[in-house]
Amino acid sequence: MLHRRVPGQSTEVLHDIGDTSTHDLSIPDKDDSNSEAHSEVDIALIRATDTKLNAKQQALWNDRIVKATVCKQIISGDAVDCLELAKVLPVDKYASRAHPNQRLVVAFGVNNCFTTSVVDECATFRKTVEGMLNKDSAQWAALATCVEMVVEKEFDTTKDFLSLFDVAQMTSLKPMLNVLFGFDTERSDVDDDIKELAFEINAQWLRSKDAFDPKAKERPAWAFEHQKRPRELLTTVLPEKSADDMGENPLNLLLPGDETMWRVVLRCFVELTARGHDNGSEWCEILKPFAENPTDGHLTQLSGVHTRTSASQIAKETLRLYPPTRRVYRERKLANKEFMTAAADIEECHRDANIWKPDPLRSMPERWNGLEHKNFEDDVFMPFSATPFNCPAKRRRGQNPPFGLAMISLLVGMLVKHTSGKWRVVGDLPGISEPLDTERTAYGYLRLERISESEAGTTVGKRV
Ligand code: HEM
């Protein structure tokens with residue numbers, strides 16, 4: 001979607017051209033499908049159908065000049081010469097992110113770094129989050145125990161089939177409630193509510209893709225105040241918080257914290273256990289010990305028999321192929337002083353054949369050997385965005401592991417540990433030369449099937 005904003009006025013929707021973004025802390029338009037995202041004009045920095053593009057911009061578009069550097073310039077607010085976008089004044093940088101994210105305010109009643117134009121408000125919020133994510137080895141060990149408790153409970157069942165979607169959502173959300181709110185994961189009295197909450201948040205993302213005119217007097221039917229059930233669930237699970245108060249709303253933390261996590265966990269688990277990769281079993285064997293002892297040393301330790309890779313590389317490869325924020329949006333000013341929304345297409349950069357050789361669309365954690373350097377990564381790998389908007393889950397602090405990579409490895413490692421030889425993924429998946437579908441509802445049909453004792457030990461890494 002492209003927006004034009006006349007200075008001093010609210011955003012006006014110019015064209016709905018089906019732009020996409022999933023986790024995205026800017027909400028996608030209606031048709032968030034891969035076919036749309038990878039159509040003729042798939043490499044979207046600024047949509048080619050924008051009538052505001054001049055001839056030079058159009059030519060650049062047609063040449064598909066898409067570079068990671070341009071993405072970084074869009075994110076940071078630097079001038080983008082090839083698109084004739086002016087530099088954003090430091091004072092306007094937060095507004096340039098907040099404006100395209102206003103739909104989040106309507107859909108979830110949030111007020112956080114993604115929606116505020118006030119620098120200090122974001123700095124305070126960020127500091128709080130940094131404190132929550134900066135964990136020493138004892139705290140990681142305690143978190144691993146919490147995660148194990150949650151995963152064990154999911155498989156403590158007489159059922160022979162489980163929804164993988166539900167398991168991935170619960171495995172991610174309950175421990176994240178612990179990280180963000182100190183929720184006691186030993187409790188199981190609100191488990192059904194937590195599951196329903198995960199479902200409702202996802203459903204609300206989908207609802208909020210409906211048409212939205214920020215200038216309309218009436219709030220859309222999908223506005224947060226009309227969504228009774230998600231608000232009730234938030235109150236049941238976190239009674240000390242108030243979902244009706246924008247500053248207190250637990251979704252301020254849960255949206256960036258959990259909506260990033262569960263879809264990555266789902267895809268990482270599927271890549272490792274269900275796609276028939278030659279090295280799938282070894283990747284599983286690397287994540288299992290990390291889940292038991294999640295230290296920074298273990299995260300980066302290269303191991304394997306036929307291959308050499310690490311938990312860190314497995315998590316990075318998943319974030320390369322499936323960045324939860326596929327596109328990062330900024331409001332930018334054109335030379336003619338009009339405003340438009342520009343999208344830094346992170347997913348497209350991460351699949352660029354010029355950078356990610358060979359087989360850019362295939363999951364190959366081993367490709368990261370020799371590439372795990374800050375300079376390389378900061379230039380072309382942006383799942384956590386880029387300067388000055390880097391996610392607090394991105395970097396390690398001292399000896400403490402980087403939260404994002406460690407948490408993905410921990411959650412997937414624990415799932416692998418508790419399913420190996422006992423449960424297998426069933427349901428159609430594409431061949432390994434194609435990436436998995438990144439659409440929000442994709443793979444809702446995948447199930448975990450209990451493995452009978454006679455079959456046990458034969459299924460890890462095998463595609464069913
Ligand atoms: C795999 C995990 C994660 C990924 C891929 C991710 C991705 C991102 C991205 C792309 C941005 C920047 C968006 C922009 O530039 O507009 C961001 C910012 C942020 N993320 Fe994350 N995130 C992850 C985990 C988390 C967690 C667990 C939290 C905890 C609540 C969190 C909190 C934040 C905050 C507060 C910001 C704003 C930082 C600022 O503006 O200074 N993220 N994240």
Residue list for the range 416-435, filter: closer than 19 Å to SER281 by Cβ and under 21 Å from the mean Cα position of the chain (by Cα):
VAL416, LEU429
Of the candidates THR318, THR325, THR341, the one satisfying the condition of being in contact with a Phe, Trp or Tyr (Cβ under 6 Å, 6 or more places away or on another chain), within 16 Å of the ligand (Cβ to nearest atom) and among the polar types (S, T, N, Q) is THR341
Just one of (1) within 24 Å of THR438 (Cβ to Cβ); (2) of a type in the set (A, V, I, L, M, F, W, C); (3) within 16 Å of the ligand (Cβ to nearest atom) trips up MET170, so point out which.
(3)
Tally time: how many residues in the range 137-180 are more than 20 Å from ASN400 (Cα to Cα) and part of a helix (DSSP H, G or I)?
20
For the range 294-305: of the residues being touching a residue at least 12 places away in the same chain (Cβ under 8 Å), away from the ligand (no atom under 16 Å from the Cβ) and part of a helix (DSSP H, G or I), which is farthest from the chain's Cα centre (by Cα)?
HIS298
Total residues in the range 379-394, condition within 20 Å of ASN354 (Cα to Cα) and either surrounded by fewer than 21 Cβ atoms within 10 Å (Cβ to Cβ) or among the hydrophobic types (A, V, I, L, M, F, W, C) (or both):
4
Name every residue in the range 75-89 that is without any contact (Cβ under 8 Å) to a residue 12 or more places away in the chain and assigned to a helix (DSSP H, G or I), in order of residue number.
ASP81
How many of the residues in the range 98-117 are away from the ligand (no atom under 12 Å from the Cβ) and among the aliphatic types (A, V, I, L, M)?
3
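For (1) in contact (Cβ under 8 Å) with a residue 12 or more places away in the chain; (2) part of a loop (DSSP other than H, G, I, E, B); (3) more than 18 Å from the chain's Cα centre (by Cα), each residue gets a yes or a no:
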residue: PRO360; (1), (2), (3): no, yes, yes
residue: GLU366; (1), (2), (3): yes, no, yes
residue: ASN375; (1), (2), (3): no, no, yes
residue: PRO383; (1), (2), (3): yes, yes, no
residue: PHE389; (1), (2), (3): yes, yes, no
residue: ALA393; (1), (2), (3): yes, yes, no
From the residues in the range 244-291 that are within 11 Å of the ligand (Cβ to nearest atom) and not in a helix (DSSP H, G or I), which one is surrounded by the most Cβ atoms within 10 Å (Cβ to Cβ)?
THR260
Determine whether the range 440-456 contains at least one residue that is within 16 Å of the ligand (Cβ to nearest atom), at pLDDT 95 or above and over 30 Å from ALA142 (Cα atoms).
no
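For every residue, the table says whether it meets (1) modelled with pLDDT under 95; (2) outside the structural domain of GLY413 (by TED's automatic domain parsing); (3) not in a strand (DSSP E or B); (4) not hydroxyl-bearing (Ser, Thr, Tyr).
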{"site": "THR307", "(1), (2), (3), (4)": "yes, no, yes, no"}
{"site": "SER312", "(1), (2), (3), (4)": "no, no, yes, no"}
{"site": "GLU317", "(1), (2), (3), (4)": "no, no, yes, yes"}
{"site": "ARG320", "(1), (2), (3), (4)": "no, no, yes, yes"}
{"site": "ARG332", "(1), (2), (3), (4)": "yes, yes, no, yes"}
{"site": "ASN336", "(1), (2), (3), (4)": "yes, yes, yes, yes"}
{"site": "MET340", "(1), (2), (3), (4)": "yes, yes, no, yes"}
{"site": "ALA344", "(1), (2), (3), (4)": "yes, yes, no, yes"}
Of the residues in the range 182-193, those that are in a helix (DSSP H, G or I) and either touching a Leu at 6+ places or on another chain (Cβ under 6 Å) or over 16 Å from LEU234 (Cβ atoms) (or both) come to ASP193
Condition check for GLY276: modelled with pLDDT of 95 or more and on the phi > 0 side of the Ramachandran plot:
yes
Matching option when the condition is more than 11 Å from the ligand (Cβ to nearest atom), within 27 Å of GLU348 (Cα to Cα) and touching a Ser or Thr at 6+ places or on another chain (Cβ under 9 Å), among ALA141, ALA86, ALA95:
ALA95
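Results for (1) within 16 Å of LEU104 (Cβ to Cβ); (2) surrounded by 19 or more Cβ atoms within 10 Å (Cβ to Cβ), shown as yes or no for each residue.
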{"residue": "ASP184", "(1), (2)": "no, no"}
{"residue": "ILE194", "(1), (2)": "no, yes"}
{"residue": "ALA203", "(1), (2)": "yes, no"}
{"residue": "ASP210", "(1), (2)": "yes, no"}
{"residue": "ALA216", "(1), (2)": "no, no"}
{"residue": "PHE224", "(1), (2)": "yes, yes"}
{"residue": "THR236", "(1), (2)": "no, no"}
{"residue": "SER242", "(1), (2)": "no, no"}
Give the residues of the range 90-111 that are small (Gly, Ala, Ser), within 18 Å of LYS333 (Cβ to Cβ) and either in contact (Cβ under 8 Å) with a residue 60 or more places away in the chain or part of a loop (DSSP other than H, G, I, E, B) (or both), sorted by residue number.
ALA95, SER96
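The values are calculated or read from the model by the stated rules, or taken from the named source; none is laboratory data. The structure presented is a predicted model; accordingly, all values stated were derived computationally and were not measured. Virtual Cβ from ideal backbone geometry, glycine too; neighbours counted across all protein chains shown.
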